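Colleague: Below you'll find the structure I mean.
Every read-out reported here was derived from the displayed coordinates using simple, explicitly stated rules and does not represent laboratory data. Keep in mind it's a predicted model, so treat the numbers as computed, not measured. Heads up, the Cβs are rebuilt from the backbone with ideal geometry, glycines too, and the neighbour counts pull from every protein chain shown.
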Amino acid sequence: MVDVGGKVRKPGVHSLPAGSRVADALRAAGGVRPGTKTDGLNRARFLVDGEQVIVGASLPPGAGTTAGGSAGSPGSPGSAGAGGAAPAAPVSLNTATADQLETLPGVGPVLAQHIIDYRTQHGGFRSVDELREVNGIGERRFADLRDLVRP
């Protein structure tokens with residue numbers, strides 16, 4: 001579920017399949033209104049469940065994901081973590097792709113694969129605490145991740 005707002009034809013909450021990208025959200029919202037600048041919008045970026053994508057709005061830096069200047073800027077809420085910044089919406093341990101997991105701080109390709117392997121072998125995560133059982137996640141990394149993920 002992604003909330004698409006701003007200068008799109010059909011703003012609102014849209015249900016998209018896991019692994020969808022910003023371009024898919026824009027299509028679901030009927031496309032960008034004519035004349036809207038989208039220079040800063042990374043349409044190839046993976047979406048995270050519960051995030052908000054605002055198109056064409058002038059928001060202060062770090063106030064949201066927008067088209068026309070600050071889309072996907074590191075650390076902005078709604079950003080899927082471009083540049084390694086944490087995503088605004090919690091990442092689902094049970095449905096996230098490796099690329100989505102890699103948006104989390106300290107999670108690279110190897111650790112992302114360990115998380116995917118764990119959920120495959122154990123039938124998914126029933127709680128965030130189970131993340132401690134994943135190879136490569138110690139107490140310090142768990143402390144960094146616990147508020148950024150959900151089962």
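Colleague: Between SER15 and ILE116, 0.36 nm times their residue separation minus their Cα-Cα distance comes to what?
Modeller: Using 0.36 nm per residue and subtracting the Cα-Cα distance, I get 34.0 nm.
Colleague: Separate question: Where the centroid of each part is defined by its Cα atoms, how far is region 93-135 from region 1-53 in Å?
Modeller: If you average the Cα positions of each part, the centres end up 26 Å apart.
Colleague: Next question. Could you sort 123-135, 40-52 so that the peptide with the highest average Cβ count within 10 Å comes first and the rest follow in order?
Modeller: Highest to lowest by the protection proxy: 40-52, 123-135.
Colleague: If you don't mind, another one. Quick check on packing: order 25-32, 9-16 by the mean number of other C-beta atoms within 10 Å, highest mean leading.
Modeller: The packing order, highest mean first, is 25-32, 9-16.
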